[in-house]
Amino acid sequence: MARSGASIRNQIRTLRSRHGEMTQQQLADHVGVARQTVNAIEGGKYSPSLEVAFRIAHVFGEPLEEVFQFITAAG
Amino acid sequence: MDTSFEEKSVWIQLVGLVVGLGGYLIVAGLMLSKGVGALPTFVPVFAVAIILVVAINIAGHVVAAIVSRTDEADERDRLIGCRADGRSSWILGVGVIGAIMALILSVDGVWVAHLLLLSLFGSEVAKDVLQIVYYRRGI
């Protein structure tokens with residue numbers, strides 16, 4: 001979801017790998033959303049609410065900024 | 001195609017609408033063009049169309065529930081629904097204003113009723129199509 005040349009990137013795929021190849025369905029079940037929503041977040045097609053973003057970070061035991069990064073056009 | 005239960009539900013509603021209500025509007029259009037003007041004449045055709053819409057929705061949702069997980073709507077589904085609704089409801093609004101204008105101009109009730117139905121159909125189809133676009137392209 002790019003607005004004003006900015007976008008939100010995430011490390012969910014990498015973090016799932018680090019956590020014993022956690023599946024999207026397992027992450028979705030932990031967070032309380034549909035697997036397709038996790039897939040959309042991971043693919044940058046949907047920016048989650050702050051609550052869901054925190055829940056994802058909590059599942060991985062990482063601070064929010066390790067999971068999601070706000071990238072501006074300037075880099 | 002990787003679709004959630006909610007997206008499947010939108011597809012089912014779209015098919016139901018297009019087949020049922022779309023079919024009715026085609027038949028009603030042909031009847032109106034042949035000069036049928038009595039509103040009660042349309043009632044049996046409309047009843048069949050509504051039964052068709054309900055039957056397609058029930059059958060479609062039963063099949064969808066059998067072949068996939070029935071996850072509850074989550075925040076993405078709700079956002080997609082709200083955004084699609086907000087960008088399609090103007091069609092119904094235009095139809096309502098048009099119907100009021102038609103009443104002021106003393107247009108036959110049968111035309112006013114079908115103008116309202118057409119705008120409802122257009123609004124719902126646009127909403128479903130927008131939802132599918134948002135599911136596929138991202139939001």
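Does A:Val38 fit the bill of being touching a residue at least 24 places away in the same chain (Cβ under 8 Å), surrounded by 18 or more Cβ atoms within 10 Å (Cβ to Cβ) and away from chain B (no Cβ under 14 Å)? When the stated conditions are applied, A:Val38 does not pass them.
Among the residues of this structure, B:Ile104 does not count as one that is out of contact with any Gly (no Cβ under 8 Å at 6 or more places or on another chain) and either within 14 Å of chain A (Cβ to nearest Cβ) or modelled with pLDDT under 95 (or both). Within the stretch B:1-13, being open to solvent by less than 40 Å² (accessible area, probe 1.4 Å) and more than 14 Å from every other protein chain (Cβ to nearest Cβ) holds for one residue alone: B:Ile12.
Scanning the stretch A:5-35 for residues that are closer than 20 Å to B:Glu75 by Cα, without any contact (Cβ under 8 Å) to a residue 40 or more places away in the chain and surrounded by 16 or more Cβ atoms within 10 Å (Cβ to Cβ) gives A:Gln24, A:Gln26, A:Leu27, A:Ala28, A:Val31, A:Val33, A:Ala34, A:Arg35. Would you check if B:Val53 is in contact (Cβ under 8 Å) with a residue 60 or more places away in the chain, within 24 Å of B:Val19 (Cβ to Cβ) and within 15 Å of the chain's Cα centre (by Cα)? So B:Val53 fails the test. Can we say B:Ala47 is within 14 Å of another protein chain (Cβ to nearest Cβ) and farther than 26 Å from A:Ser49 by Cα? Judged against the criteria, B:Ala47 is not a match. Filtering the stretch B:50-74 down to residues that are crowded, with 16+ Cβ neighbours inside 10 Å and within 30 Å of A:Gln26 (Cβ to Cβ), which residue is farthest from the other protein chains (Cβ to nearest Cβ)? In this case the residue turns out to be B:Gly60. Scanning the stretch A:42-75 for residues that are of a type in the set (Lys, Arg) and open to solvent by less than 100 Å² (accessible area, probe 1.4 Å) yields a single hit, A:Lys45.
Mind checking whether some residue in the stretch B:14-29 is under 17 Å from B:Trp111 (Cα atoms) and exposed (fewer than 13 other Cβ atoms within 10 Å of the Cβ)? For the stretch B:14-29, residues under 17 Å from B:Trp111 (Cα atoms) and exposed (fewer than 13 other Cβ atoms within 10 Å of the Cβ): present. Would the stretch B:75-85 turn up any residue that is farther than 16 Å from B:Val18 by Cα and in contact with a Leu (Cβ under 6 Å, 6 or more places away or on another chain)? Yes, the stretch B:75-85 contains a residue that is farther than 16 Å from B:Val18 by Cα and in contact with a Leu (Cβ under 6 Å, 6 or more places away or on another chain). Filtering B:Val36, B:Val96 for residues that are more than 14 Å from chain A (Cβ to nearest Cβ) and not in a helix (DSSP H, G or I) leaves a single hit, B:Val36. Looking at B:Asp71, is it in contact (Cβ under 8 Å) with a residue 12 or more places away in the chain and not in a helix (DSSP H, G or I)? Answer is yes for this residue.
In the stretch B:107-139, the qualifying residues are those that are over 19 Å from the mean Cα position of the chain (by Cα), open to solvent by 40 Å² or more (accessible area, probe 1.4 Å) and within 14 Å of chain A (Cβ to nearest Cβ), and the one that is nearest to B:Met31 (Cα to Cα) is B:Arg136.
The values are calculated or read from the model by the stated rules, or taken from the named source; none is laboratory data. Predicted model only: the values in this text are computed from it and were never measured. Virtual Cβ from ideal backbone geometry, glycine too; neighbours counted across all protein chains shown. These accessible areas exclude ligands, DNA and RNA; they are computed on the full protein's heavy atoms, side chains included. Shrake-Rupley method; radii C 1.70, N 1.55, O 1.52, S 1.80 Å.
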